[in-house]
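Have a look at the structure below, then the notes.
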Amino acid sequence: MRAGLIRCSCSILVILIGSVFLSLSCSKKEEGIIVAEAGGEKLTAEELDRLIDESKERTPKMYRHMVTPESVMDEWIEFQLLAQEGLNRNYDDDPEVKKKVEEYLKRKVVAKLWEEEIEKKVTDASEEEVRKFYEEIKDRDYKLSKEKVRLRVIATRSILEAKNLKKRAMDGEDFAELAREYSIRMDNKEAGGDMGYRARSELPNEVSSVVFNLNEGEITDPIKLEVGFSIFQVVDRLGVGDYIPFDYVKEQLENRYLVEMKKKAASDFLERLKEENQPIKYLSRYNDYLNEKYKKSKNDGER
């Protein structure tokens, strides 16, 4: 229990340190409902909400129940008292402290610049752009070297239930809807039992030996697995040299494309900054420094 308290306290402390650095860059804070005062600072209900949320994110799940409004408020009060005492001793004039604050503020400024210059300018992509991206990379990323089948599965606890669900699917009910309602496999239940494209090596032998002999749309008889019985529907079949279909990878491909576009935008932006500012690198000086450091270390070791 004590270890849990320490973890929670450290989590809140990290957040509060960041808050203090940030407050040094702000001349005035918006007023709200004041829920605590300490060290000349005021804590609003909105700020407390944020601290609680951030603390829970940083705290292991097993200890999150210990993060309460009062515990976070106590940590905030104690931290503000310590911070005020440090300020009273003029520790904020310490060169090392000033350097840390400056580094922190620079990181915040860079993050804001990235948000304004990249994130807000590269927000979406047309289907035409994404499809073109797919065509450019499909030979490298989506061309199959192994035969694959796309499967849906309904997992049940009993063979009778599995047989009944197969009959309902064969009679015309939607396999995916049956999976959402009845399957006990939680990893793909909401996706209608969709397992994606699988090679033989990615399936149990008792499954691969059956599904790779079925045609598109066919459903297996119940197959006994480690937990209960499952029926599988073959949604699609792809052979060696075929490509994973665009529609199947469209969503993830759009995300990849946007990441690539953001990288390009960042690279172009940095190139422009370099041209405007003409930075200089003195690598030879650093190499000289390393040589001197090595010589000094060697001489010290021989004494």
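Residue count for the stretch 86-112 under the criterion of being in contact with a helix residue (DSSP H, G or I) (Cβ under 9 Å, 6 or more places away or on another chain) and acidic (Asp, Glu): the result is 1.
Quick check on Lys146: is it out of contact with any Ser or Thr (no Cβ under 7 Å at 6 or more places or on another chain), among the basic types (Lys, Arg) and assigned to a helix (DSSP H, G or I)? Criteria not met by Lys146. Filtering Val249, Val240, Val234, Val207 for residues that are out of contact with any helix residue (DSSP H, G or I) (no Cβ under 9 Å at 6 or more places or on another chain), buried (at least 17 other Cβ atoms within 10 Å of the Cβ) and among the β-branched types (Val, Ile, Thr) leaves a single hit, Val207. Is there a residue in the stretch 270-285 that is of a type in the set (Asp, Glu), surrounded by 10 or more Cβ atoms within 10 Å (Cβ to Cβ) and free of Cβ contacts under 8 Å to residues at least 40 places away in the same chain? Yes.
Residues checked against (1) without any contact (Cβ under 8 Å) to a residue 60 or more places away in the chain; (2) of a type in the set (Gly, Ala, Ser):
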site	(1), (2)
Val153	no, no
Lys166	no, no
Ala169	no, yes
Ala179	yes, yes
Ile184	yes, no
Tyr197	yes, no
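Among the residues making up the stretch 33-86, those that are over 25 Å from Val101 (Cβ atoms) and not in a helix (DSSP H, G or I) are Ile33, Ile34, Val35, Thr59, Pro60, Val67, Thr68.
Selection within the stretch 110-126: residues that are assigned to a helix (DSSP H, G or I) and in contact (Cβ under 8 Å) with a residue 12 or more places away in the chain. The member of this set that is nearest to Glu251 (Cα to Cα) is Glu119.
Look at the stretch 235-259 and say how many of its residues are without any contact (Cβ under 8 Å) to a residue 40 or more places away in the chain and not in a helix (DSSP H, G or I). The total comes to 1.
The numbers here are math on the coordinates, done by the rules we state, and not lab data. None of the values given here were measured: they were computed from a predicted structure. All Cβ positions, glycine included, derive from the backbone under ideal geometry; neighbour counts span all protein chains shown.
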